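Student: Below you will find the structure I want to go over with you.
The values are calculated or read from the model by the stated rules, or taken from the named source; none is laboratory data. The structure presented is a predicted model; accordingly, all values stated were derived computationally and were not measured. Please note: Cβ atoms are built from the backbone with ideal geometry, for glycine as well, and neighbour counts cover all protein chains shown.
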Amino acid sequence: MHQAGRERSVVGCPFNGVGVARGSADVVRDRQRNTLARPDGRVNSSIVSAVRDAVNDSDCVVALGGGADSAVLLWAACEVLGPERIEAVFVFHDLEGSEMLRDSAGALAAQLRVRLMVFDRPISDGGNLEARARTERYDAMEALLVDGRLGLTGHTADDQAETIVMRMFRGSGSGGLSGIPSARGAWRRPLLDMSRSTLRETAIELHLPFSDDPANEDKRFVRSRVRHIIMPTIERELGPESKSNVARSGALLGADDALLQRQANLVPTVRFPGGVSIPIGAIVSAPRPVASRVVRNALHLLMKDAKSSQNDVDAVLKVANGSKGITISNGFIVTPERPFVTIHATSHSTNQLTETHRGQEEIEIEVGSTFEWFGSEYTVTRHPISGRYRTGGRFTVLSSEAVQPPTSARNLGNGDRIDTGHGSTPLTELLRVTGVPARVRRTSLVVTVSGKVAALGGIRVASWAAPRHGQPAVVIKREYTQ
């Protein structure tokens, strides 16, 4: 672990050792306008506008690192929402400079009258330190992002360019080269168009306390070498606009990647405990960039935090195109089970899977509810006019009149049949004809009304439960969870 060395504090507004701001008379609160303003009334409108667009009037949790970027971010968030709707978070890693950065964060929060939460997450010195520290920070904040709250981070245009350059030398595809997303899930990064120097000048102008993180000067870290060696060389040799050009290229690649990802998301996957199945026809017929993303989606569902490699993706695609089964990273096995290619854990035998399938409880569902079924999330909504959605893939569409309490979701049962209007058909036969692998048929979603089978999820709706054209319908939709 780093020992606390000699700390040099660079602050826009001097503060004492316990984090209480001095000189804050230069920053006053205008109660009538509920905004922070300097006596001369000047504010950086572009920064405030960027934060306002990002938060969309949602309460926020702001990540404070003790530096100038996050200091300006917190100030702008106070401008937009007021301090009472904001919570600031500092994660203490007990590394060199951590105490200095914590004091700066405390002084800033006191000056802006924002509640500050400090999480102790010591990080031991060693390999992959930056990534481990980053994971700890995000994990600490994730627990606070509830009830519609957004998480704000102070990433800048410089961070964006550095990230893209780092990923380029690691051989990333368009997804990685698109850089840091401005929005993902509950996270927002409103300062990605702002330069680090502009934010530093703003912090000084507004008398906001901040300190420089010694880790940013530590050449052991790849990002530090990119920041202080590679980026200055690029700007010196190719011109000062080269940094912004890198970020612009990332944005263009991001748009392309988003389109390819949307195409990949249209391919349904069948999840079961310990594995996932992908339709072979869908990935064989798709362009390679789309097929690769379909496979990555499936691998992410299985491996979660463990990373898959391009070699894993290539292996799955080879099996889909006729090669024999193969073992990939983390002990997962890829096998052809036509018309699917299945990726599953070695520890799950067919018998074990069957027993797990039988363990899923019956769930009562209603319009407006959300429920989880074997790792996939489903939403139940009412639509005024049927016809927009049809049963198939992710969607199961029923007549609004037919969906009456008690309506439930449950496993496939022995002897289950569905009314076709001209008799009935066993659900097992429908699953076989549709091509659902035998190992995952028990995970199929069966919707019942008063105990009677109303639908086989994404495949068939009973004749008596089918919506009539132009009449209200209830849509059960499987959401994408990757």
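Student: Within the group E130, E96, which residue is surrounded by 15 or more Cβ atoms within 10 Å (Cβ to Cβ), modelled with pLDDT under 85 and in the same structural domain as A68 (by TED's automatic domain parsing)?
Tutor: Going through E130, E96 in turn, the sole match is E130.
Student: Take V146 and tell me if it is assigned to a loop (DSSP other than H, G, I, E, B) and of a type in the set (A, V, I, L, M).
Tutor: Here the answer is yes, as V146 does meet what is asked.
Student: Which of the residues that make up the stretch 433-467 are over 35 Å from the mean Cα position of the chain (by Cα) and among the charged types (D, E, K, R)?
Tutor: If the condition is that a residue be over 35 Å from the mean Cα position of the chain (by Cα) and among the charged types (D, E, K, R), then K452 is the only one that fits.
Student: Moving on. Among the candidates R262, R288, R271, R293, which residue alone is over 30 Å from T396 (Cβ atoms), within 27 Å of the chain's Cα centre (by Cα) and of a type outside the set (A, V, I, L, M, F, W, C)?
Tutor: That would be R288, the only listed residue that is over 30 Å from T396 (Cβ atoms), within 27 Å of the chain's Cα centre (by Cα) and of a type outside the set (A, V, I, L, M, F, W, C).
Student: To continue, here is another question. Find the helices (runs of 4 or more DSSP H) located wholly in the stretch 153-257 whose residues include 1 or more that are assigned by TED's automatic domain parsing to the domain that holds G106 and under 24 Å from A50 (Cα atoms), and list them.
Tutor: 157-169, 174-177, 196-205
Student: Further, regarding this structure: Would you mind stating whether E79 is surrounded by fewer than 18 Cβ atoms within 10 Å (Cβ to Cβ), among the acidic types (D, E) and either closer than 29 Å to S244 by Cβ or in contact with a Leu (Cβ under 6 Å, 6 or more places away or on another chain) (or both)?
Tutor: no
Student: Could you pull out the residue among N311, N330, N297 that is in contact (Cβ under 8 Å) with a residue 24 or more places away in the chain, over 25 Å from P181 (Cβ atoms) and of a type outside the set (D, E, K, R)?
Tutor: Being in contact (Cβ under 8 Å) with a residue 24 or more places away in the chain, over 25 Å from P181 (Cβ atoms) and of a type outside the set (D, E, K, R) holds for just one of N311, N330, N297, which is N330.
Student: Looking at the structure I just gave you, is D53 part of a loop (DSSP other than H, G, I, E, B) and more than 16 Å from A109 (Cα to Cα)?
Tutor: No; evaluated as a whole, the condition is false for this residue.
Student: Can you tell me which of A4, A88, A25 is at pLDDT 95 or above and either assigned to a loop (DSSP other than H, G, I, E, B) or of a type in the set (G, A, S) (or both)?
Tutor: Just a single option satisfies the conditions, and that option is A88.
Student: Another question, then. Taking S197 as meeting all but one of (1) under 28 Å from L95 (Cα atoms); (2) touching a residue at least 40 places away in the same chain (Cβ under 8 Å); (3) of a type in the set (G, A, S); (4) surrounded by fewer than 17 Cβ atoms within 10 Å (Cβ to Cβ), write down the number of the exception.
Tutor: Of (1) under 28 Å from L95 (Cα atoms); (2) touching a residue at least 40 places away in the same chain (Cβ under 8 Å); (3) of a type in the set (G, A, S); (4) surrounded by fewer than 17 Cβ atoms within 10 Å (Cβ to Cβ), only one is false for S197: (2).
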